[in-house]
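Only the coordinates and a few stated rules stand behind these numbers; no lab work does. Model, not experiment: these values are computed from the prediction. Glycine also receives a Cβ, built like all others from the backbone with ideal geometry; neighbour counts cover every protein chain displayed.
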Amino acid sequence: MLFRSLVRGEWTPVTAGGKVGTPPGPGALWRRNPQYTLTVEERCTVLIAVAQPDALLDANDDVDGYVNKIGFSLLAADEVSRTKLLLSPEELRYHSRLACARQVSAAIELEPGSYSLIPFTEEPQTFMSYILTVASSAPGVSLTPVAKPPPPTLLRGSWLAAKNTAGGCPNNIDTWTA
């Protein structure tokens, strides 16, 4: 018997982050991609597939192929957060191939635990819908969307010499804490 979860999602201007892990560093947009928690209760084979809209059914009659490369990454859930700047090899459980195809899929043997599943496009700011499918050979496999964090709080202020709030740099020992 096969157990299956299906999610319809979309890469939007807010969630189209591009390939997971690139570029490394503070400017990496991949953390914006939609993320899902994949929970596995017992060791089993899990089939993961991400699909893009059918190129033959779109309004573009000039191109019947797929111009956007898609893929997915599976990471250790307890290791990953949207604020993480770099991924270590231990965190990456599986990284699919990137393909200009209708669907990219893989059958993976997984141990019990939680994983982060991240579908992505090769290039950031590629906007389109997708379908993420997870099927397993055993019950107890679930797929849950990870909520987007709230936007950061922006604080505004000013330094005024008249109010002693312009203390200068830490080299000015007497005033900088003002």
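Below, the figures for the structure above:
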{"item": "Inter-label distance, nm, simple model (7 Å from Cα along the C-beta direction), residue 2/residue 138", "result": "1.9"}
{"item": "Extension gain (nm, one decimal) between residue 114 and residue 146, 0.36 nm per residue minus Cα-Cα", "result": "10.3 nm"}
{"item": "Charge tally in the Cβ shell below 13 Å around residue 96, where Lys, Arg are +1 and Asp, Glu are -1, residue 96 excluded", "result": "+3"}
{"item": "Calculated from backbone phi, Karplus (6.51, -1.76, 1.60) coupling profile of the stretch 13-21 in Hz, x at Gly/Pro", "result": "x, 8, 10, 9, x, x, 4, 5, x"}
